[in-house]
Amino acid sequence: MLEAINIVWFKRDLRTNDHAPLLKASQHKLPVLPIYVVEPIYWKTECSSRKHWHYIHDCLVDLNDELSNLGQPLIIQVGDVVDIFTQIKLKFNIENI
């Protein structure tokens, strides 16, 4: 039987303060897997830039520090979101995202 977990998928809101999904997930008795997915397709679009990536990178470093202080570092994956969540589902019973 696979271990049950809750996933907090950080996509745009890259902070821990006043983060409703993180709060809700932490109120359950299940482990929380905080994840950020770097989507290569997005970073090839015209609306993305190196400057934007540097900003995101800095936010992810801060987010990882904050989450590590809470007991679970940020998991960063690169690829298609559907593929990544499919791989996680093979290892865990995902209760909530």
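Values in this text are rule-based calculations from the coordinates and carry no lab data. Please read these numbers as outputs of a predicted model, since none were measured by experiment. Every residue, glycine among them, receives a Cβ derived from its backbone with ideal geometry; neighbour counts consider all protein chains shown.
For the reader, a short list of remarks on this structure follows.
- In sequence order, calculated HN-Hα J values of the stretch 3-11 (Karplus, 6.51, -1.76, 1.60; Hz; x Gly/Pro): 5, 7, 9, 10, 10, 10, 8, 7, 10
- In percent, rounded to a whole number, the relative contact order of the chain is 44, using alpha-carbon pairs under 8 Å and six or more apart.
- Gyration tensor (alpha-carbon) shape descriptor, the chain, a/c threshold 1.5: oblate
- Partners of Lys29 within straight-line reach, counting aspartates and glutamates whose Cα lies under 13 Å from its Cα and excluding those fewer than 8 residues away in the same chain: Glu3, Glu95.
- Exposed trypsin sites (Lys or Arg not before Pro) absent: longest stretch of the chain, with sites in DSSP loops and at most 10 other Cβ within 10 Å deemed exposed: 45-97
- Nearest 10 degrees, 0 to 90: helix 50-70 Cα axis against the chain principal axis: 20
- With both labels modelled 7 Å from their Cα along Cα-to-Cβ, the Ile94 to Arg12 distance reads 2.0 nm.
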